[in-house]
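Asker: Below you will find the structure I want to go over with you.
The values are calculated or read from the model by the stated rules, or taken from the named source; none is laboratory data. What you see is a predicted model; the values in this text were computed from it and never measured. Backbone-built Cβ (ideal geometry, glycine too); neighbour counts: all protein chains shown. Side chains included, ligands, DNA and RNA excluded: accessible areas come from the protein's heavy atoms. Shrake-Rupley method; radii C 1.70, N 1.55, O 1.52, S 1.80 Å.
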Amino acid sequence: MSESNSKSSQYEENSLSLTGSVAMGTGVMIGAGIFALTGQVAEQTGGLFPLAFLAAAVVAGFSAYSYVKMAEQYPSAGGIAMFLMKAYGKGTVTAGMALLMYFSMVINESLVARTFGTYTLQLFDAEDNWLLVPALGVGLLVVAFIVNILGNKFIGTLSTVAAVIKITGVLIFAAAGLWVSGLSFESIGVSERTSASGFLSATALALLAYKGFTTITNSGSEIVDPKKNIGRSIILSLGICLVVYLLVAFAVAGNLSVSKIIESRDYALAEAARPAFGAWGTYFTVGLAIVASVSGLIASTFAVSRMLAMLSEMKLVPHRHFGMPGDIQKHTLVYTVVFAITLTVLFDLSRIASLGAIFYIIMDIAVHWGVLRHVRQDVQAVRWVPIVAIVFDVAILAAFLWMKFTSDPLVIWVALAGVIFIFVGERWFLEWHENEKHDNEAANARAT
C-alpha cells in the first residue's frame with residue numbers, strides 16, 4: 001500500500017448509506033447543545049426564542065448549499081479544510097479559516113463539558129457551583145480522552161446507541177411537556193427583551209445547534225452515491241432537528257415563564273421538567289443531558305483531533321510531539337483536550353457559546369465567499385444562494401457582536417485576539433515552512 005493510500009485509510013471508514021449518514025448528522029446535532037442553548041437563546045430574544053430556532057434552521061439550510069456542492073464535487077475525509085484549500089489554495093486564508101473551524105469545535109466541546117457539569121448538579125440541588133461545574137466538565141473531558149485512546153470501534157458503537165437514547169428521550173420530554181402544559185404557550189410572544197437585533201443575535205446562538213450538519217460533508221468520501229445522498233442527508237437531518245428543537249422549545253415555553261427560563265438559562269430543560277413531572281422528570285431530563293454530553297463529547301473529541309491531524313499532515317499547522325508516543329492523531333487528541341479543559345475552566349456557558357458562534361460564522365462566510373468567487377463554475381453552484389447565505393451570516397453576526405459589545409465586551413476582545421493570533425501565527429508559520437523547504441532544496445542541490 002502506498003503512503004498516500006495508507007494515510008487516506010487512516011481517516012476513511014466503511015461506506016455510509018443514506019440512513020446511516022442521516023443518523024450520524026442528527027446524532028451529532030441533537031446533543032448537549034439543545035440543553036445548553038435553549039435558555040441562552042431566550043435570554044437574547046425573550047418570548048420569541050422558539051422562532052429563533054426556526055430562523056437558525058433557515059440560515060443553516062442556505063449555508064448547507066455551499067457545503068453540499070463542494071462535497072459532491074470533492075468528496076473527501078478532509079472536510080472543510082479540503083473545501084477551503086480548493087477555493088483559496090494552500091495559504092493563510094485556508095489555514096486560518098480551518099483553524100477557526102477547529103477551535104469552534106473545541107469550544108463546543110467545552111460547552112458540552114460545562115453543560116454536563118451544570119445538569120449533573122441539578123441532581124443534588126447544588127447552588128454554589130462556581131467550582132463544581134468546571135471540575136465536573138474537566139473530569140468528563142479526561143474520560144473522553146481515555147475512551148478515545150482505547151479505540152475507534154467502541155466510540156462508534158457508543159455513539160450509535162447514545163444517539164437512539166437521546167433522540168428518543170428528547171422526543172418523550174417534548175411530547176410529555178406539551179401534554180402537561182395543555183398546549184398553552186403564554187410565554188411565547190413579544191416581551192421586553194424582544195428586539196430585531198436581539199432576535200438576530202439569538203439566531204446566531206441557535207445556529208450552533210445545527211452546525212453539526214458539517215459532519216456529513218466531512219464524510220463525503222464514505223457516503224454511498226455522494227452526489228445524491230449528501231444533499232438528501234443534510235436536508236433530512238436539518239428537518240428532523242428543526243422539528244425536535246421546536247417541540248423542545250414549545251415544551252419549555254409551556255411550563256416556564258420567560259423570566260424563569262432566563263433565570264435557569266444554563267439548565268432550562270431540567271427546570272421545565274420540575275412543574276410538569278416533579279423530581280422524576282428532573283432525573284429523566286438530567287439523565288438525558290448526561291447521556292448526550294458524554295456520548296457527544298467522546299465522538300466530538302475523536303472528530304476534532306482527526307481534523308487537527310489532517311491539518312498537520314497537510315502542513316497547514318505546526319506539529320510537535322513533545323516526546324509523546326503514538327501517531328499524530330494521538331498527539332492532536334492531547335492538544336484538543338488540553339485546549340477544551342482550558343476553556344472549560346476559564347469561561348462560563350454563555351461566553352463559551354458566544355465564542356463558538358463568532359468563530360463558526362466567520363468561517364462559514366469564508367466558505368460561501370470561496371464558492372462564489374473561486375469555484376462556483378467547478379462545483380456548478382448558482383450564484384444567488386451563496387450570496388443569500390453571506391447576507392444572513394453577516395446580519396446575524398453583526399447583531400450578535402453589537403449585543404455582546406453592549407453587554408459583555410470581554411467576549412469581543414477575546415474573539416478578536418483569537419482571530420488575530422490565528423492568522424498572524426499562520427502567516428508566520430507558512431512563510432517559515434516555505435523558507436525552510438527552499439533551504440533544504442538548496443542544500444540538497446549543493447550536495448549533488
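Residue-wise test of (1) over 21 Å from F359 (Cβ atoms); (2) part of a helix (DSSP H, G or I); (3) open to solvent by 10 Å² or more (accessible area, probe 1.4 Å).
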| residue | (1), (2), (3) |
| --- | --- |
| L51 | yes, yes, yes |
| A55 | no, yes, yes |
| F62 | no, yes, yes |
| S66 | no, yes, no |
| M82 | no, yes, yes |
| M97 | no, yes, yes |
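Asker: Report whether or not G212 is surrounded by 24 or more Cβ atoms within 10 Å (Cβ to Cβ), at pLDDT below 85, in a helix (DSSP H, G or I) and more than 21 Å from the chain's Cα centre (by Cα). Don't jump to the end; show me each part of the working.
Answerer: Details: surrounded by 24 or more Cβ atoms within 10 Å (Cβ to Cβ): yes; at pLDDT below 85: yes; in a helix (DSSP H, G or I): yes; more than 21 Å from the chain's Cα centre (by Cα): no.
Judged against the criteria, G212 is not a match.
Asker: Within the stretch 158-203, track down each residue that is β-branched (V, I, T), in a helix (DSSP H, G or I) and within 30 Å of A398 (Cβ to Cβ).
Answerer: T203
Asker: Of the numbered conditions (1) at pLDDT below 80; (2) assigned to a helix (DSSP H, G or I); (3) not basic (K, R), P325 satisfies every one except a single condition; which is it?
Answerer: Of (1) at pLDDT below 80; (2) assigned to a helix (DSSP H, G or I); (3) not basic (K, R), only one is false for P325: (2).
Asker: Follow-up question, since we're still on this one. Determine the pairs where a residue that is more than 16 Å from F83 (Cβ to Cβ), located within the stretch 375-394, has a partner that is of a type in the set (F, W, Y) and assigned to a helix (DSSP H, G or I) with Cβ atoms under 7 Å apart, the partner being 6 or more residues away or on another chain.
Answerer: V388/F62; F392/F62
Asker: From the list R320, R274, pick out the single residue that is without any contact (Cβ under 8 Å) to a residue 40 or more places away in the chain, assigned to a helix (DSSP H, G or I), surrounded by fewer than 18 Cβ atoms within 10 Å (Cβ to Cβ) and of a type in the set (K, R).
Answerer: On inspection, the qualifying residue turns out to be R274.
Asker: Right, something else. Sort out which residues of the stretch 255-270 are under 17 Å from G177 (Cα atoms), touching a residue at least 40 places away in the same chain (Cβ under 8 Å) and open to solvent by 20 Å² or more (accessible area, probe 1.4 Å), and write them in order of number.
Answerer: N255, S257, V258, Y267
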